[in-house]
Amino acid sequence: MTHHVLLLGGHGKIAQLLTPLLLRRGWAVTSVIRTPEQVPAIQKLADSKGGKLDVLVRSLEEVKSEADAKGVLEEVGADYVVWSAGAGGRGGPERTYALDRDAATHFIHAAAATPRVTRFLLISYLGARRTAPAWWSAAEWAAAQHVNTAVLPHYYAAKVAADEALYAAAKARGSGFVGIDLRPGTLTVGEAGGVELGRTTGSRGEVSRAGVARVADLLLAAEGARSAWLDLLDGSEEAGEAVERVVREGVDAAEGEAVF
């Protein structure tokens, strides 16, 4: 079955790695980017990959409401949505909240209210949670809290709010809509390799951007995927087998959170 993916934040490094993977499935991708200067870089991703790639120049900072987000969804007509956008630490706290929390949440709510949209994948980060998970040690939880409160407090607040919004929206809509929150550790360059996916043994660790893109592609294509938070690090399990396992077992790292 083919799908049409609305890829928000299409010029980002993970999104540019994900785009050709989706195209090789024969799917359509509409990549949303911020400026016309970014168009050539995205168009190159379509070379000999199959599928169909369209580029939409649109500032997500201008998405101020669910209605604004719905307008983009209706314009594109996609059935899958990927949020891979964000302020990236540029523009101060106000821009972080405007993009990573507000615009993301507007798209989440608009997608959940659009019957045609059946899957939404949000890229967050592993430590974005409010409660210590039972499968982490006290030291691992302390390390996550240090990042969330002392290093990236605004990013944390924005991301965890969007994570919770997707989980709640998926739960409210029920069957027919899958909200997947993919939560990588520290991002690195390099090839995609083995992974640790689902409930990771700790809050610290690395994963390649190529690995994130690979797992995102597999999750979007996975039959029977369910709404869940899925933490991700480099590890020893083959990515395809890891995705099959978490889908089969219904793994959900949101366990322990109030939204769960």
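Taken over region 32-86, residues that are touching a residue at least 40 places away in the same chain (Cβ under 8 Å) and in a loop (DSSP other than H, G, I, E, B) amount to 9. Does at least one position in region 96-108 carry a residue that is of a type outside the set (Asp, Glu) and at pLDDT below 95? No, region 96-108 contains no residue that is of a type outside the set (Asp, Glu) and at pLDDT below 95. Give the residues of region 228-245 that are assigned to a loop (DSSP other than H, G, I, E, B) and of a type outside the set (Ser, Thr, Tyr), sorted by residue number. Hits for region 228-245 are Gly235, Glu238. Restricting the first residue to region 94-118 and requiring it to be without any contact (Cβ under 8 Å) to a residue 12 or more places away in the chain, which pairs with a second residue that is among the aromatic types (Phe, Trp, Tyr) and surrounded by 21 or more Cβ atoms within 10 Å (Cβ to Cβ) meet a Cβ separation below 7 Å and a spacing of at least six or different chains? Between residues of region 94-118 that are without any contact (Cβ under 8 Å) to a residue 12 or more places away in the chain and residues that are among the aromatic types (Phe, Trp, Tyr) and surrounded by 21 or more Cβ atoms within 10 Å (Cβ to Cβ), there is no close pair. If the condition is being over 16 Å from the mean Cα position of the chain (by Cα) and either on the phi > 0 side of the Ramachandran plot or in contact (Cβ under 8 Å) with a residue 60 or more places away in the chain (or both), then region 5-31 contributes Arg25, Gly26. Which is out of contact with any strand residue (DSSP E or B) (no Cβ under 8 Å at 6 or more places or on another chain) and within 19 Å of Thr186 (Cα to Cα), of Ala210, Ala239, Ala216, Ala221? Selected residue: Ala210, the only one of Ala210, Ala239, Ala216, Ala221 that is out of contact with any strand residue (DSSP E or B) (no Cβ under 8 Å at 6 or more places or on another chain) and within 19 Å of Thr186 (Cα to Cα). For region 129-147, does any single residue satisfy the condition of being polar (S, T, N, Q) and more than 28 Å from Gly174 (Cβ to Cβ)? Checked against the condition, which is being polar (S, T, N, Q) and more than 28 Å from Gly174 (Cβ to Cβ), region 129-147 yields at least one hit. Could you tell me how many of the residues in region 118-169 are aliphatic (A, V, I, L, M), touching a helix residue (DSSP H, G or I) at 6+ places or on another chain (Cβ under 7 Å) and over 19 Å from Leu187 (Cβ atoms)? Qualifying residue count for the region: 5. Looking only at region 66-89, decide whether some residue is of a type in the set (Lys, Arg) and either under 23 Å from Leu182 (Cβ atoms) or touching a strand residue (DSSP E or B) at 6+ places or on another chain (Cβ under 6 Å) (or both). There is no residue in region 66-89 that is of a type in the set (Lys, Arg) and either under 23 Å from Leu182 (Cβ atoms) or touching a strand residue (DSSP E or B) at 6+ places or on another chain (Cβ under 6 Å) (or both).
Taking region 148-179 as the range and being more than 19 Å from the chain's Cα centre (by Cα) and more than 23 Å from Ala228 (Cα to Cα) as the test, the residues that pass are Thr149, Ala150, Val151, Pro153. Picking from residues in region 104-147 that are assigned to a helix (DSSP H, G or I) and touching a Lys or Arg at 6+ places or on another chain (Cβ under 8 Å), the one that is surrounded by the most Cβ atoms within 10 Å (Cβ to Cβ) is Ala110. Taking region 170-222 as the range and being over 16 Å from Ser236 (Cβ atoms) and among the charged types (D, E, K, R) as the test, the residues that pass are Lys171, Arg173, Asp181, Arg183, Arg204, Arg209, Asp217.
For region 148-186, the set of residues classified as crowded, with 17+ Cβ neighbours inside 10 Å, touching a strand residue (DSSP E or B) at 6+ places or on another chain (Cβ under 8 Å), not in a helix (DSSP H, G or I) and not small (Gly, Ala, Ser) consists of Phe177, Val178, Ile180, Asp181, Leu182, Arg183, Pro184, listed by residue number.
Counting the residues of region 1-31 that are in a helix (DSSP H, G or I) and not aliphatic (A, V, I, L, M) gives 5. Between Gly202, Gly224, which is touching a residue at least 60 places away in the same chain (Cβ under 8 Å), surrounded by fewer than 22 Cβ atoms within 10 Å (Cβ to Cβ) and in a loop (DSSP other than H, G, I, E, B)? Selected residue: Gly202, the only one of Gly202, Gly224 that is touching a residue at least 60 places away in the same chain (Cβ under 8 Å), surrounded by fewer than 22 Cβ atoms within 10 Å (Cβ to Cβ) and in a loop (DSSP other than H, G, I, E, B).
The values are calculated or read from the model by the stated rules, or taken from the named source; none is laboratory data. Note that the structure is a prediction, hence the values are computed from the model and not measured. Please note: Cβ atoms are built from the backbone with ideal geometry, for glycine as well, and neighbour counts cover all protein chains shown.
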